[in-house]
Structures are given as structure tokens and as C-alpha cells.
Amino acid sequence: MAIKWKNIKNWKTFAGEMAKREEVRLVPGIGGVFFAFFMFQDILHGRWFSTMETLKEGGLMNLSLGIGIWGVLSFLLWFWNRRWKPSHDKFYQEWKKKLKKQQVVLCSAGVAALLAALMRFQYIYGNLWDYANYSTGYILVITVIIQWILCEVIVLSFMKKKLEEYMEALEQINKKNLETALRSEQMKVDLISNVSHDLKTPLTSMVGYIELMKKEELTDVLSDYVEVLSRKAQKLKEMIDSLFDLAKTSSGNVELKIEPLEMNRLIEQVYADMEDRIELSGRELIVSLAQEDTGFLADSSYMYRICQNLLENALKYSQEYTRIFLKTIVLPAQGEKQKVRFEITNTAGYRMEFSKEQIVERFARGDESRTTDGNGLGLAIVNTYTAALGGRFDVKIDCDQFKAAVEFLK
């Protein structure tokens, strides 16, 4: 008994698979067309059929012709498009052209068949003495309309299936590309993290030995050399630390300590810590702090670094003897909570031929000649840290005016 049931299941599976094959559909299709043709001849020659008899014959003819059209048209659509691959780059454009062409062909064939049916109906109308009623003419016109609609449904169903195949193929391609991009980005982050970590150990030793050399009795020339080495090593150490922090934040492997902060107090603190450097820069800072409460939630160390980097960026790349504007704003609520905004505006000392996307890339610098002191990580760190804190970083360029701003929900 179990063997018989297994055989039945196998036959069902086999029958289901065969039903999906377009070649197999051709068999009932041709049979249906032939049967419908004989019934059509029967209706035409059955001049003394009653209305009910004609309608019954017409119904069977439509059913048979529908099966025939389904089988033959499905096979032809498959045969004509069997080499049409959905993964092609211009598939959608081709899909639209093919659909339009097929609809034109169907429309032309439908109009021709409808005209033939109407001409036959006119003949019956003019020779009523040869026919018992008008039902033969009616059934021909109705048949053309029904089969025309059926052809449209079959074509649209086939084209929809092809489009779905294309969308599935496109989804798979996008998924692979996304996985490749994520894997590539993770490899970059891992490489930067590993290289930064490997560089830290020897660099720390170098800095230590340089500090020991400073304590020795050296000639003036050697003292100058050691001082230069010390400054360059310190700068390299800062860059490696920044790169390591950037890679770590980009990977999402960070622990944020979210706490209440005041944007005004934060700007005042950064300004105070960098006051000596600001005076040496020769720039004039204009600070405008909002009168409203500028409290918001964020990580204090990350926020300090964001504000510090924005100010350092303005000092490095602004024109000498120009003003730098620091401003805090509380933005009005628009369907959500209020936002606290810090923006800094400066006049660049070089031509700014870059976009926001370009300037926030790692090691990207607006000063392509690299005559200024910088490593191209400042705004990349601001962008990454701001995103990690759930804020928004924006850059606007207007002629020589460079404006950078960060926003956070209150």
C-alpha cells in the first residue's frame, strides 16, 4: 500500500513538472484549436439551430478555443523568448519594447478578427431567410472579444513572469554586490586597525627614545634635529591614533557613554583649550551662542573631538587674517523634537573644487597642493563620530565660504 501511494506521489510530481513545460502545453493547445474549428464549422452550417443550441455550441467552442489559445500562445511566447535572459543590463528597456510590440500585434489581430466577425454578422443580417435568428452572428462577435481578452491576459502574464525573473536576478546581483562591498569595507577597517595597532608599538618606543635623547647633553644642531624628530613623531602618533579611532568607530565596535551635554558649554570649553593656538593663527573668532537651552544627549569625549576637529579644520584651511564664525542654534521643531545645531563658517585660503562626499573621505583635503598642516582625517572623523551619535553632519560651499555644521536632537 505504501508503495502504491509513493507511486501516486511520484506521478503527481511528474505531472506537475510536465504541466509547467511549455512544450507539453502545445499538445492540448493544438487539440483545442482543432476541436474549436470543427465546432465553428458546425455553428456556421447549423443555420436552423435555436438560440439556446447556438449558445451551448458557442460556449463549448469558446472553452475549447480558450484552451487551444492558451497552449499555443504560451508555447510561442516561450519559444520566441527562450534566449532572452533576465540578467541583461538593458532588460527593462527591452521588456517595454517587447510588451509594446506584442500588444500592437494583438491589437491588430483582434481588430481584424472583430471586423471579420462583424462582416459575417452583416451577412447573416442581410440573409435572415437562411438563418433562424441572429445568434450565430452574436456568438462570433462575442467569441472574438473573449479570445482577444484571453490573449491579452496570457501575454501580460508571461511578461509579468519575465519581469519578476529579472527583479529576482537583479535582487541577487544587488545582494552579492552589497555583500562584496560590506566585506571590502570590513577588510579596509580591519587593515587600518591592524596596521595602526602594529605601528603604535614601535612609534611609542621611538617617542620614548627621543625624549631620552632630549635629556642628554647635545650640540645645538643635534638638539634642533631631536626637536624636529619629536614634533614629527608626535604628529605621526596623533594621526595613527585618529586613524585607529576612525576605523574602530566605522566598524561600530564602540561603547558610547550617552549623557546630558550643553552645546554652548562645550564650545566655550573647546575655545578655551585652543585659545593659545587661535591667537597664534592670526584669525579672529566671532562666537555667537544661542540664548535658548542647548542641552542634548551625546558622548562627551566624542562631541569634544567633533567640535575640536571642526575648529582645527577652520584654522588650518582658512585664509590668513580672516574671521571664523562659530554659532549655536536651537532649530524649531518640525514634526519631531527640536534640534541643537553647531555651525562654523570660514573663508578658505584655496579654491574649493570638491563636494561634501569627497571632502569627508579619509585623507581627502580641499587643499590639493597640501601646503597647509593637515592629514585629511579631521572631517572624516567628524562625519563618522556624528553618525555614530545619531546626529547629522552637513557641509555647504558658497564661493570661498566653507560652512560645516552638526545637528543633534534635543
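For this structure, a couple of remarks:
- Alpha-carbon centroids, the range 202-223 and the range 73-118: separation in whole Å: 82
- Legend: calculated FRET efficiency, residue 93 to residue 53, from the Cβ-Cβ distance at R0 = 60 Å, rounded to 0.05, equals 0.70.
- Whole-Hz ³J(HN,Hα) from phi, Karplus 6.51 cos²θ - 1.76 cosθ + 1.60, for the range 213-223, glycine and proline x: 5, 4, 7, 7, 7, 10, 5, 4, 5, 5, 4
- Placed amide H near residue 319: partners under 5 Å, 5+ positions off or other chain: 347, 348, 349
- Potential lengthening between residue 112 and residue 211 on full extension [0.36 nm per residue; Cα-Cα distance subtracted]: 25.9 nm
- Along its first, second and third principal axes, ordered by size, the range 193-250 spans 46, 15, 12 Å in Cα coordinates.
- The alpha carbons of the range 253-323 stretch over 39, 34, 17 Å along the principal axes, in descending order.
- Segment residue 84-residue 232, length gained on full extension (0.36 nm per residue, minus Cα span): 47.0 nm
- Pairs beyond 29 Å (Cα-Cα), from 214/235; 100/176; 56/162; 316/396: 100/176; 56/162
- Among the GluC sites (Glu not before Pro) in the range 230-296, those located in a DSSP loop and surrounded by at most 15 other Cβ atoms within 10 Å of their own Cβ are 255, 292.
- Nitroxide proxy distance, nm - points 7 Å out along Cα→Cβ at residue 219 and residue 255: 5.3
Every read-out reported here was derived from the displayed coordinates using simple, explicitly stated rules and does not represent laboratory data. Quick caveat: nothing in here was measured; it's all calculated off a predicted structure. Cβ coordinates were reconstructed from backbone atoms using ideal geometry, including for glycine residues, and neighbour counts include every protein chain displayed.
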